[in-house]
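The values are calculated or read from the model by the stated rules, or taken from the named source; none is laboratory data. Here the structure is a predicted model, which is why all the values come from computation and not from measurement. With ideal geometry, Cβ positions are generated from the backbone for all residues, glycine too; neighbour counts draw on all protein chains shown.
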Amino acid sequence: MAYERTLKEVENFVFDLDGTVWQWNRLRHGVEDTIEDLRDRGKDIYFLTNNSLMGREGYAEKLSKLGIDTSPGRVLPVSYIAAEVFDEMDVRRVYTVAEEGFRDELKKRGIEHSEMAQHVVAGVDRNFSYWKAAKAAELIRDGAEFWCTSVDPYWWAGDRLLPGAYSIAENVKLAAGVDTVKVLGKPSEHARQIMKSEWKLMPGNTIVIGDNMRSDMVLGNRMGYMTGLVLGGNSTEEDLNDAGPHEKPNIVFREFERIMMKL
Ligand SMILES: [Mg+2]
């Protein structure tokens with residue numbers, strides 16, 4: 001209950017997208033009004049997503065079209081995290097098993113998709129193919145470093161659960177004969193560091209709200225932020241009983257619109 005009292009003092013609300021704010025092509029019930037109410041109360045809204053299909057501008061545009069006006073600077077997608085990580089390492093060529101929007105975000109930083117790369121990254125790719133897996137596996141066998149955008153096996157699109165980045169990464173892992181892959185998105189150290197340097201949000205007045213205990217709650221808890229789990233997406237009430245270290249949320253919201261009831 002202590003957390004419910006302090007929620008009033010929270011200034012920054014960081015929302016996950018898939019399964020929390022939207023099911024890709026439509027908002028979850030109550031999201032538009034809740035975010036408007038939060039803004040009316042002077043709260044700052046941010047979005048952090050492991051969805052790899054687009055860059056910052058793409059997500060800001062999609063959110064605005066669905067009724068939530070926001071700017072690219074308030075959205076931190078894994079494509080941007082990847083661009084930061086590779087840019088910092090001075091990597092200029094990456095073999096991407098991902099879509100155009102992901103590649104475009106890398107391109108802005110002078111990082112090209114290439115079949116001659118020392119790095120391979122797997123994200124959600126709705127045109128994933130046998131030959132893409134083959135190329136990625138070949139490069140990894142030749143020594144390329146293997147990355148994936150998230151450990152999510154699936155993601156919500158409308159009423160469907162579609163294969164996530166990790167499903168694709170598993171495929172490539174098997175073909176390449178490796179058993180590890182470096183993770184770029186939540187809750188990785190990369191995601192935490194880039195979020196920290198981008199937004200500089202302070203523990204004590206920030207909450208991370210998402211539907212996934214393994215990614216959203218772990219990231220938020222490790223960063224010392226307050227955490228809120230929205231049910232009805234990735235994690236269920238039963239999952240709460242088996243929550244591992246760092247996975248437990250401070251607050252559980254049965255529905256998205258219940259956030260306002262705690263304020
Ligand atoms: Mg989610």
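Test ASN212 against the criterion of being of a type outside the set (A, V, I, L, M, F, W, C) and closer than 18 Å to PRO77 by Cβ, and give yes or no. Yes, satisfied. With respect to SER150, is the statement that it is assigned to a loop (DSSP other than H, G, I, E, B), under 19 Å from the mean Cα position of the chain (by Cα), within 16 Å of the ligand (Cβ to nearest atom) and among the polar types (S, T, N, Q) true? Against the criterion (assigned to a loop (DSSP other than H, G, I, E, B), under 19 Å from the mean Cα position of the chain (by Cα), within 16 Å of the ligand (Cβ to nearest atom) and among the polar types (S, T, N, Q)), SER150 qualifies. Taking the conditions exactly as written (out of contact with any strand residue (DSSP E or B) (no Cβ under 6 Å at 6 or more places or on another chain), surrounded by 14 or more Cβ atoms within 10 Å (Cβ to Cβ), under 30 Å from ALA136 (Cβ atoms) and among the charged types (D, E, K, R)), does LYS186 satisfy them or not? Against the criterion (out of contact with any strand residue (DSSP E or B) (no Cβ under 6 Å at 6 or more places or on another chain), surrounded by 14 or more Cβ atoms within 10 Å (Cβ to Cβ), under 30 Å from ALA136 (Cβ atoms) and among the charged types (D, E, K, R)), LYS186 qualifies.
Listed here are the helices (runs of 4 or more DSSP H) enclosed by region 164-222 that have at least 3 residues being touching a helix residue (DSSP H, G or I) at 6+ places or on another chain (Cβ under 8 Å) and at pLDDT below 95, and there are none.
Rundown of residues vs (1) surrounded by 14 or more Cβ atoms within 10 Å (Cβ to Cβ); (2) among the β-branched types (Val, Ile, Thr); (3) touching a residue at least 12 places away in the same chain (Cβ under 8 Å), yes/no style:
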| site | (1), (2), (3) |
| --- | --- |
| LYS107 | yes, no, no |
| GLY110 | no, no, yes |
| HIS113 | yes, no, yes |
| ALA134 | no, no, yes |
| GLY143 | no, no, yes |
| ASP152 | yes, no, yes |
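Looking for something touching a residue at least 60 places away in the same chain (Cβ under 8 Å) and assigned by TED's automatic domain parsing to the domain that holds ALA134 - is there at least one such residue anywhere in region 83-90? Scanning region 83-90 turns up at least one residue that is touching a residue at least 60 places away in the same chain (Cβ under 8 Å) and assigned by TED's automatic domain parsing to the domain that holds ALA134.
Name the residues in region 191-226 that are of a type outside the set (Gly, Ala, Ser), within 22 Å of ARG28 (Cβ to Cβ) and either within 11 Å of the ligand (Cβ to nearest atom) or under 15 Å from the mean Cα position of the chain (by Cα) (or both), would you? Give the steps one after another, and end with the answer.
Taking region 191-226 first, the residues of a type outside the set (Gly, Ala, Ser) are 192-196, 198-203, 205-209, 211-214, 216-219, 221-223, 225-226.
Right, trim to within 22 Å of ARG28 (Cβ to Cβ) and you get 206-209, 211-214, 216-219, 225-226.
Selection gives VAL208, ILE209, ASP211, ASN212, MET213, ARG214, ASP216, MET217, VAL218, LEU219.
Screening MET260 against (1) at pLDDT 95 or above; (2) surrounded by fewer than 20 Cβ atoms within 10 Å (Cβ to Cβ); (3) assigned to a helix (DSSP H, G or I) leaves a single unmet condition, (1).
Any idea which residue in region 21-56 is surrounded by the fewest Cβ atoms within 10 Å (Cβ to Cβ), counting only those that are in a loop (DSSP other than H, G, I, E, B) and away from the ligand (no atom under 16 Å from the Cβ)? Walk me through it before giving the result.
Within region 21-56, the first condition is being in a loop (DSSP other than H, G, I, E, B), and the residues that meet it are 21, 23-26, 28-30, 41-43, 50-55.
This time we only want the ones that are away from the ligand (no atom under 16 Å from the Cβ), so: 30, 41-43, 55.
Values: GLY30: 15, ARG41: 11, GLY42: 7, LYS43: 16, GLY55: 24.
In this case the residue turns out to be GLY42.
Of all the residues in region 80-93, those that are among the β-branched types (Val, Ile, Thr) and touching a helix residue (DSSP H, G or I) at 6+ places or on another chain (Cβ under 6 Å) number 2.
Name the residues in region 70-79 that are part of a helix (DSSP H, G or I), in contact with a helix residue (DSSP H, G or I) (Cβ under 6 Å, 6 or more places away or on another chain) and surrounded by 21 or more Cβ atoms within 10 Å (Cβ to Cβ), would you? Reasoning before the result, please.
Going residue by residue through region 70-79, those that are part of a helix (DSSP H, G or I) are 72-74, 78-79.
This time we only want the ones that are in contact with a helix residue (DSSP H, G or I) (Cβ under 6 Å, 6 or more places away or on another chain), so: 72, 79.
Answer for region 70-79, where residues must be part of a helix (DSSP H, G or I), in contact with a helix residue (DSSP H, G or I) (Cβ under 6 Å, 6 or more places away or on another chain) and surrounded by 21 or more Cβ atoms within 10 Å (Cβ to Cβ): just SER79.
Quick check on SER235: is it hydroxyl-bearing (Ser, Thr, Tyr), touching a residue at least 12 places away in the same chain (Cβ under 8 Å), part of a loop (DSSP other than H, G, I, E, B) and within 13 Å of the ligand (Cβ to nearest atom)?
Yes.
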